[in-house]
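Have a look at the structure below, then the notes.
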Amino acid sequence: MKSGSRHAIVCEDMGIDVKTFKRWVIDVTDKRKGPVKTPGNKLHLIEVENIVKVCTSKKYMDLPPSQIVPLLADEGVYLASESTFYKS
């Protein structure tokens with residue numbers, strides 16, 4: 001570094017490993033490989049919109065997903081799991 005600080009100290013402050021820093025000095029292109037395909041159980045946009053529509057409706061707007069999902073089940077409606085409601 002031009003300021004005279006050691007790489008290890010700077011990397012620690014930045015929260016990265018020294019090896020990562022040295023690799024970036026040589027080549028800054030991102031070589032990470034993301035997922036090859038989308039998960040088969042990923043919700044479609046329409047399904048997410050339905051969940052949001054239900055959660056924002058007057059009937060359910062003051063309730064958490066832990067109460068919405070069982071109430072919908074009592075009505076015979078299944079949109080998604082409770083955890084999926086939280087993610088949507």
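The values are calculated or read from the model by the stated rules, or taken from the named source; none is laboratory data. Because the structure is a prediction, the values reported are computed rather than measured. FYI the Cβ positions are ideal-geometry reconstructions off the backbone, even for glycines, and counts take in every protein chain you see.
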> Could you give every pair whose Cβ atoms fall below 9 Å, whose first residue belongs to the range 48-64 and is free of Cβ contacts under 8 Å to residues at least 12 places away in the same chain, and whose second residue is aromatic (Phe, Trp, Tyr), counting only separations of at least 6 or pairs across chains?
Replying inline: Pro64/Phe85; Pro64/Tyr86
> Got at least one residue in the range 68-85 being under 18 Å from the mean Cα position of the chain (by Cα), among the hydroxyl-bearing types (Ser, Thr, Tyr), part of a loop (DSSP other than H, G, I, E, B) and surrounded by 11 or more Cβ atoms within 10 Å (Cβ to Cβ)?
Replying inline: yes
> So Lys22 clears everything in (1) among the basic types (Lys, Arg); (2) loosely packed, with under 10 Cβ neighbours inside 10 Å; (3) not assigned by TED's automatic domain parsing to the domain that holds Ser83 except one condition, right? Which one?
Replying inline: (2)
> Among the residues of the range 28-50, is any part of a helix (DSSP H, G or I), within 17 Å of the chain's Cα centre (by Cα) and surrounded by 11 or more Cβ atoms within 10 Å (Cβ to Cβ)?
Replying inline: yes
